[in-house]
Amino acid sequence: MRAVVTGAGSGIGAATARLLIERGWQVACLDRDLAAARRTAGDNPSIAVDVADEAAVVRAFAEVGRNMGGLDALATCAGIFETTPFFDTTAETFRRIHDVNVVGTFLCLREAVGLMQAGARICTVASVAGLRGGGLSGTVSYASSKGAVLALTKNAARVLGPRGIAVNTVAPGVIDTPFVAGALSEPGTRQRLEGLTAFGRLGTAEEIAEAIFWLLSPASSFVHGATLVADGGMVMY
């Protein structure tokens, strides 16, 4: 099986790529930080790409096609986190977050599909922030971008289902990775967020990787256009 994982240099992306590799998949690891992507990839392909740069994404997937001859799965883990309060958020900040989290996801989906045949599977990465409208640490730019990923995924599922390509999303809660390290370092924040889960703890990148792996695997063959919430019960309250 051949997969692309974006954001493979760290966090959920790195955990997902490592899990796929451990289970015998060939994985192209894409990240802005090529050195980090290479550390994850090992002997697998690694490609430097800014997912918000359309020309760069087109080139990256063309390279994937040359190296791998096709694609069976895509996990769009690349993204950025943002915590600027509502009234302090500028249009520039809002656009930057949406460029990476939304436009970047769309571009990777569009280019990946050109390498796929019926039976291929796609998993995007949203967030419970997109379901809740924020209220945890991510604020207006981040929450709205992840809400857009939820809608984008459903639209892609409508378009690609007739081609036999499954499209789903995972919506993590607060996951203890470098992605949110800044927010978690603020006094009281970690304890507050842990208290919002049923388990009294944050999730790990490896737990989300398992959810992504299931959505990319034949085990989820009749799951399509769905959102798998993996948040320790956070949105249940």
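Below are the figures for this structure:
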quantity	calculated
Proximal charge balance of residue 161 [Cβ under 15 Å; K/R count +1, D/E count -1]	+4
Net charge contributed by nearby residues that have their C-beta within less than 15 Å of residue 98 (K/R +1, D/E -1)	-3
Answer label for Cα extents along the principal axes in Å (calculated), chosen among [x] 59, 45, 33; [y] 49, 36, 34; [z] 53, 38, 34	[y]
Cα centroid separation, the range 15-61 to the range 119-164 (Å)	21 Å
Cα lying deepest toward the dipole's positive end in the chain, options 60, 204, 225, charges on Cβ	225
11 Å beta-carbon shell around residue 53, net charge (K/R +1, D/E -1)	-1
Among 123, 185, 94 the positive-end extreme of the charge dipole of the chain (Cβ point charges)	123
Charge dipole magnitude, Cβ of K and R +1, D and E -1 - the range 2-229, Cα centre, debye nearest 20	500 debye
Model label zone, residue 219; criterion: amide N under 14 Å from point 7 Å along Cα-to-beta-carbon; scope the range 1-45	19-20, 23-24
Helix runs (DSSP H) in the chain reaching 15 Å along axis by Cα, Kyte-Doolittle at least -1.0	11-22, 54-68, 140-160, 205-216
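Any read-out appearing in this document is the output of simple, stated calculations on the displayed coordinates, not a laboratory observation. Because the structure is predicted, anything quoted here is derived from the model rather than measured. Quick reminder, even Gly has a Cβ in these numbers, built from the backbone with ideal geometry, and neighbours come from all protein chains shown.
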